[in-house]
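Below is one structure; the comments refer to it alone.
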Amino acid sequence: MQKFTASIGGTPLERFVVQALFSMAKPGKKEQQISGPEWVNQRIHPSENRLQRQLRSRLLGFEGAFAVPVSYWQVAPVGVRSTDLGKFLEWVGRHPDFELRWKPGQFTEYEWHSTKSLKSGQVFNEIKKGKRTVYVCERNSQAGEGVPVEVWKKTSKGNFASPGWNGSISEVGPLATDTSLLELDQTLAQLSIHDVPFEVDAVYLWVDGSDPKWLAKKRKHSAEAHSHGTSDSRFTSRNELYFSIATLLKNAPWMNRIWLVTDGQTPDLGDLADRVTVIDHKKFIPKEFLPTFNSHVITSHLHRIKGLAENFLYLNDDILFGRPLLPSAWFDSHGRCLIRYTRTTLPGFSVEDADVIHKARQHTVQSAIKGGLQISMRSIQHGPHPLRKSTMEQMWNRFGDELTATSRNRFRTEADLVPEWLHNFLAYSTGEAVMGGKLTYSYIVLNAKSSLAKILNLALRRPPSVVCLNDVSEIAESDRASEKITEYRLQKIAALLLKA
């Protein structure tokens, strides 16, 4: 297989093979589903969760209703004991503010009259057995988030069992149980060591490398610099940003706010535009350091973005997502970052003629050692970087002079501090980060002919959680794929990962 892919990589035959395999791949069928109502496998945006909780709190006006304990990224159903279901539905049906629907946004399809007529009807029995889902919505609302009614069935011991896994409790007691204990049951999710009880933002760095105005500005300043950071591949855009955000929203819809950092540019994101907040360098990077074409500079100032969450992911547009993910993939319940490293190590400090990237990382390691921090000579996994604003503020307090010197470099240089590396060293040394567990990951050099085997592997196996599609400038010409092949690869991989 390896010899075959090596021989056709970058050739017209590659298109035929990729098309054939990718068209047969059905990754969606391989997802593991939790048994229970449809919503137990759903992930939602925090704003949707807040709306549901607000509506649900009003439904607790019915004596037998209770709040199913869930996290802020989960659907928030109202729980009803099976013995109280008829009375609850009647109460909702007669309430001036509520109505029952089969789906949020749809008008009611069934007239709810009396408990007696409900109990004798087939629809009621289907709801009670969990075969049909009913939602409570605001009366006469055209759309909006309804709250699903979750029916808990009576057990032989007189308790009531959850119809699906919620992460906190499997049963509740009867209505006559001590009220304080029932109240405690409803708040357990917020106290769980397994839960991430805070919102997480995502921050992208992006540039349109084909923009004439931006190119003119870059050329003006690159004449003064000789750096890896002036390479055109670092600024090439093939609409990766759209695909990255689309796969992020598909697999992590709980992401609170998505920020897009640009240099006076606004990308065409189509239907995704409403989910993204575009912010210019001028809004958070001090004027004395602008213009900058150095991602080390931009990243080191991200904590200055007004409104940014304390915990956030920093990522580039070459990152795509292949599986449903939770906030706990990058942060624990205390807000500590879960950091991950590869097996790739840096050259030793005694090595001569190391490239700019390695020298900047070595310089960061040396500075961290001088600052009394624990370090790693392994490369960080090239994926989303979990960062904390407070840790970045500490970075500036402790390494301010060097970060200021880095910020004066318009392009990457070997004297830079690499902010995400320094952040990890500081966070780990101060107990604000721990080593993360396994997160399936694939690193693919998108413009290398030899990467075809890894690309085909995405269709042959379940896609990993994170896929990095890097465009590398330092590549042998004999291994460099054409722009058409590179573009085709991106389109096919994105379509595969977005497949339902």
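The values are calculated or read from the model by the stated rules, or taken from the named source; none is laboratory data. Nothing here was measured: the structure is a model prediction, and the numbers come from that model. As a convention, Cβ positions derive from the backbone with ideal geometry for all residues, glycine included, and neighbour counts pool all protein chains shown.
Before moving on, here are some points about what is shown:
- Looking only at segment 15-65, and only at residues there that are in a loop (DSSP other than H, G, I, E, B) and over 21 Å from Trp165 (Cβ atoms), the one that is modelled with the lowest pLDDT: Lys26
- Selection from segment 380-392 of residues that are under 14 Å from Arg304 (Cα atoms) and in contact with a helix residue (DSSP H, G or I) (Cβ under 6 Å, 6 or more places away or on another chain): Leu387, Lys389, Thr391, Met392
- Residue pairs meeting the criteria (Cβ under 6 Å; at least 6 apart or on separate chains; first over 17 Å from Gly64 (Cβ atoms), in segment 156-169; second surrounded by fewer than 14 Cβ atoms within 10 Å (Cβ to Cβ)): Trp165/Ile34
- Among residues that are more than 23 Å from the chain's Cα centre (by Cα) and in a helix (DSSP H, G or I), Asn409 is not included.
- Here Arg398 does not fit the description of being touching a Gly at 6+ places or on another chain (Cβ under 8 Å) and crowded, with 19+ Cβ neighbours inside 10 Å.
- Against the test of being in contact with a Phe, Trp or Tyr (Cβ under 6 Å, 6 or more places away or on another chain) and either surrounded by fewer than 18 Cβ atoms within 10 Å (Cβ to Cβ) or in the same structural domain as Leu248 (by TED's automatic domain parsing) (or both), the options Val172, Val207, Val136 yield a single qualifying residue, Val207.
- Just so you know, in segment 141-199 the residues that are assigned to a strand (DSSP E or B) and charged (D, E, K, R) include one that is farthest from the chain's Cα centre (by Cα), and it is Lys154.
- Scan segment 344-359 for residues that are surrounded by fewer than 16 Cβ atoms within 10 Å (Cβ to Cβ) and without any contact (Cβ under 8 Å) to a residue 40 or more places away in the chain and the total you get is 10.
- None of Asp268, Asp263 is assigned by TED's automatic domain parsing to the domain that holds Leu315 and at pLDDT below 95 except Asp268.
- Scanning segment 270-303 for residues that are of a type in the set (D, E, K, R), assigned to a helix (DSSP H, G or I) and over 21 Å from the mean Cα position of the chain (by Cα) yields Lys282, Lys283, Lys287, Glu288.
- Residues satisfying the stated conditions in segment 40-75, i.e. touching a Phe, Trp or Tyr at 6+ places or on another chain (Cβ under 6 Å) and of a type in the set (Phe, Trp, Tyr): Phe62, Trp73
- When Val70 is tested against the conditions (1) surrounded by 13 or more Cβ atoms within 10 Å (Cβ to Cβ); (2) at pLDDT below 90, the lone failure is (2).
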